[in-house]
Amino acid sequence: MALRQLGFIDLPAHAKAGGFDHAAVHQPTGRIYVAHTANDAVDVIDIDTQKYVASIPGLTAVAGALVADDGDLVFTSNRGENTIGIFAPSEAPRVDKIGVGVRPNGLAYDRQRARLLSAHVGDPAVAGSCTVSVIDVRARKRIVDLPVAGRTRWTVYDRTADAFYVNIADPPQIVVVNAGDPIGIRRVVPISHAGPHGLDLDVARRRLYCACDAGVLLEIDADSGDVVATEPIGGVPDVVFFNPTLDRMYVAIGEPGVIEVFDTSRLRRHETVATEAGAHTLAFDARRNVVCAFLPATHRAAVYADRA
């Protein structure tokens with residue numbers, strides 16, 4: 001077994017339907033910021049003490065959190081109000097909000113330019129509402145909007161290619177967006193499986209890992225777009241994280257409620273860990289090799305340590 005359970009952390013009860021969504025870790029402090037969609041808030045967890053710390057309210061239908069360690073910033077995608085939030089990882093922070101596209105979801109950050117990409121789910125009733133926006137974080141200003149072919153999922157930034165990768169659910173594809181000027185779509189990588197969803201990157205080996213609703217995990221050459229390997233997964237995935245220290249991939253699957261762990265040196269399943277029905281999201285602390293699964297039925301975080 002790779003994942004050894006350390007315990008549970010109780011989180012606030014849900015105020016309404018919605019559960020949890022994307023989470024991110026502030027590495028220097030070991031604090032996890034998780035979107036508590038049901039509460040229009042981000043919950044903060046201290047992973048070293050395994051305790052709930054506080055909640056940051058006023059983030060309507062928050063869908064995701066992303067942390068920029070070097071800039072000491074936390075970003076949120078606030079799907080219910082078409083904004084992204086920016087705040088410091090401090091006690092009772094002030095949240096700056098910037099308007100973006102329709103129903104923001106995925107977030108990725110280019111730290112060199114301090115540019116944030118916000119990927120939008122859109123509204124089927126609104127033509128052309130599937131877009132991505134790029135925000136100048138220093139100026140607190142949206143600078144570019146780009147149309148894409150369909151509903152976005154997650155997104156990552158690749159410092160080697162100097163590009164953002166954005167999963168598109170339908171038509172299934174990965175859109176590659178120039179991070180530098182002029183900002184625009186560099187190319188589109190077709191995906192032959194339905195519903196590209198979770199996405200992460202092995203920068204050193206130049207590999208994208210794309211988990212699809214069709215029940216497959218794809219290993220893709222980040223530079224050519226070629227599929228290098230394919231492995232089945234046990235359901236519809238959501239959040240994925242790559243562990244560069246151990247060459248592992250963690251895939252959260254809400255139904256039946258598992259984390260599937262893959263070795264990436266040669267893509268193969270290493271183990272399957274039961275979580276809870278509906279637990280579709282994770283956090284990964286790369287400094288501490290800790291994985292947290294967020295359990296909506298019991299409003300808790302399950303904490304695991306990984307080991308070689």
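The values are calculated or read from the model by the stated rules, or taken from the named source; none is laboratory data. This is a predicted model, so every value here is computed, not measured. Neighbour counts are summed over all protein chains in view; Cβ atoms, including those assigned to glycine, are modelled from backbone coordinates with ideal geometry. Accessible surface is based on the protein model in full, side chains and every heavy atom, while ligands, DNA and RNA are left aside. Shrake-Rupley method; radii C 1.70, N 1.55, O 1.52, S 1.80 Å.
Condition test on residue 199, is it part of a strand (DSSP E or B), touching a residue at least 12 places away in the same chain (Cβ under 8 Å), open to solvent by less than 10 Å² (accessible area, probe 1.4 Å) and more than 20 Å from residue 24 (Cβ to Cβ)?
Considered against the rule, which asks whether it is part of a strand (DSSP E or B), touching a residue at least 12 places away in the same chain (Cβ under 8 Å), open to solvent by less than 10 Å² (accessible area, probe 1.4 Å) and more than 20 Å from residue 24 (Cβ to Cβ), residue 199 comes out as no.
Out of (1) of a type in the set (A, V, I, L, M); (2) buried (at least 24 other Cβ atoms within 10 Å of the Cβ); (3) assigned to a strand (DSSP E or B), the odd one out for residue 86 is which?
Answer for residue 86: the failing condition is (2).
For residue 277, which of the numbered conditions (1) touching a residue at least 60 places away in the same chain (Cβ under 8 Å); (2) part of a loop (DSSP other than H, G, I, E, B) fails to hold?
Residue 277 satisfies every listed condition except (1).
When residues of region 288-308 are filtered for being within 13 Å of residue 241 (Cβ to Cβ), open to solvent by less than 10 Å² (accessible area, probe 1.4 Å) and in contact with an Asp or Glu (Cβ under 7 Å, 6 or more places away or on another chain), how many remain?
1
Under 9 Å between Cβ atoms, at least 6 apart or on separate chains: pull out the pairs that start in region 71-94 with a residue that is modelled with pLDDT of 95 or more and end on any residue that is of a type in the set (Lys, Arg) and not in a strand (DSSP E or B).
Going by the 9 Å Cβ cut-off, the qualifying pairs are 77/103; 79/103; 80/103; 82/103; 86/140; 87/94; 88/94.
Take the residues of region 1-59 that are in a loop (DSSP other than H, G, I, E, B) and within 16 Å of residue 95 (Cβ to Cβ): which is most open to solvent (accessible area, probe 1.4 Å)?
Restricting attention to region 1-59, the residues satisfying the condition of being in a loop (DSSP other than H, G, I, E, B) are 1-2, 11-22, 27-30, 40, 47-50, 57-59.
So of that shortlist, the ones also within 16 Å of residue 95 (Cβ to Cβ) come out as 40, 57-59.
Numbers: 40: 37, 57: 96, 58: 43, 59: 1 Å².
The selected residue is 57.
Within region 162-175, how many residues are touching a residue at least 60 places away in the same chain (Cβ under 8 Å) and closer than 19 Å to residue 68 by Cα?
The qualifying residues number 1.
Only residues in region 8-28 that are over 19 Å from residue 298 (Cβ atoms) count as the first member; pair them with residues that are among the basic types (Lys, Arg), Cβ under 6 angstrom, at least 6 apart or cross-chain, and list the lot.
Close Cβ pairs (under 6 Å, with a partner that is among the basic types (Lys, Arg)) amount to 27/287.
Of the residues 175, 166, which single one is in contact with a Ser or Thr (Cβ under 6 Å, 6 or more places away or on another chain), among the β-branched types (Val, Ile, Thr) and within 20 Å of residue 238 (Cβ to Cβ)?
166
Mind checking whether some residue in region 49-61 is among the aliphatic types (A, V, I, L, M) and within 16 Å of the chain's Cα centre (by Cα)?
yes
Confirm whether residue 157 is under 19 Å from residue 69 (Cα atoms) and within 15 Å of the chain's Cα centre (by Cα).
yes
Residue check, residue 71 against (1) more than 19 Å from residue 139 (Cβ to Cβ); (2) surrounded by fewer than 17 Cβ atoms within 10 Å (Cβ to Cβ), all met but one. Which one?
Among (1) more than 19 Å from residue 139 (Cβ to Cβ); (2) surrounded by fewer than 17 Cβ atoms within 10 Å (Cβ to Cβ), residue 71 violates only (1).
Would you pick out the residues in region 226-238 that are open to solvent by less than 50 Å² (accessible area, probe 1.4 Å) and either touching a residue at least 60 places away in the same chain (Cβ under 8 Å) or within 21 Å of the chain's Cα centre (by Cα) (or both)?
Those that are open to solvent by less than 50 Å² (accessible area, probe 1.4 Å) and either touching a residue at least 60 places away in the same chain (Cβ under 8 Å) or within 21 Å of the chain's Cα centre (by Cα) (or both): 231, 233, 234, 235, 237, 238.
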